[in-house]
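Enquirer: I have a structure here, written as structure tokens, and I will follow up with some questions on it.
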């Protein structure tokens, strides 16, 4: 049921100021067997040195969100948005018909560790938009908390796609079950720590594709933080 993607098999880019691990093909890293999964195109596990970051650059027709694990990430864009996101914050940017933005480590002494994730949108040429929200640990402790959804229900951030993203924290005896419905695909990414999924151990950076319906049991966590993506059952070459 689980198709594993081990952390050590990911692509890797080290620019000195940026150490990045690519779950799927990105930049100079290309693997024809790892070209996204359904509408999930990018999971980059980024560590940025103090005071460094990505200078202003463009995006178009892409749903891009950042999930901070440690440190502070400073964002500025052509819509006039300026903010700093920290652990527990989720930032969603719909690039739409075009946007320019920069991302920098908001600290001059501490590194920042975050996930940048791209989801293909279900429409093109929309007006760009920016969303940000803090999701306290208490809302994710021992459960899967909806953080992104197409209709922004339950306080989640909105996304222009039939996709839902959940975040969870698991330690000790905490457990959550997730039902994968027929006609859906699921991707699970372990952001840090370790846990078992249906008895299969996963560690930080590991991921798993799920293409068949059934229940996923997340348990036996050791300071685990996970993201679970509920996606359309959509296959493309290499996905």
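The values are calculated or read from the model by the stated rules, or taken from the named source; none is laboratory data. Everything quoted here is computed from the prediction, not taken from an experiment. Here the Cβ positions follow ideal geometry from the backbone for every residue, glycine too, while neighbour counts run over all protein chains shown.
Enquirer: Quick one: is residue 172 buried (at least 23 other Cβ atoms within 10 Å of the Cβ) and more than 15 Å from residue 144 (Cα to Cα)? Can you show your working first?
Expert: Details: buried (at least 23 other Cβ atoms within 10 Å of the Cβ): no; more than 15 Å from residue 144 (Cα to Cα): yes.
Here the answer is no, as residue 172 does not meet what is asked.
Enquirer: I would also like to ask the following. Could you tell me which of the residues 166, 160 is crowded, with 19+ Cβ neighbours inside 10 Å, at pLDDT 95 or above and farther than 30 Å from residue 50 by Cα?
Expert: Residue meeting the stated conditions: 160.
Enquirer: Might you check whether a residue that is touching a residue at least 24 places away in the same chain (Cβ under 8 Å), within 18 Å of residue 62 (Cβ to Cβ) and surrounded by fewer than 15 Cβ atoms within 10 Å (Cβ to Cβ) occurs anywhere in the stretch 88-99? Explain how you work it out, then say what you get.
Expert: Taking the stretch 88-99 as the starting set, the residues that turn out to be touching a residue at least 24 places away in the same chain (Cβ under 8 Å) are 88-99.
Still in the list and also within 18 Å of residue 62 (Cβ to Cβ): 90-99.
Retained after the next criterion (residues that are surrounded by fewer than 15 Cβ atoms within 10 Å (Cβ to Cβ)): 97-98.
Taking every residue of the stretch 88-99 in turn, at least one turns out to be touching a residue at least 24 places away in the same chain (Cβ under 8 Å), within 18 Å of residue 62 (Cβ to Cβ) and surrounded by fewer than 15 Cβ atoms within 10 Å (Cβ to Cβ).
Enquirer: Would you check which residues across the stretch 26-38 are in contact (Cβ under 8 Å) with a residue 24 or more places away in the chain and under 17 Å from residue 120 (Cβ atoms) and list them?
Expert: Residues satisfying the conditions are 34, 35, 36, 37, 38.
Enquirer: Moving to a separate point now. Sort out which residues of the stretch 191-214 are farther than 15 Å from residue 38 by Cα and touching a residue at least 60 places away in the same chain (Cβ under 8 Å), and write them in order of number.
Expert: Result: 191, 192, 197, 198, 200, 202, 203, 204, 205, 206, 214.
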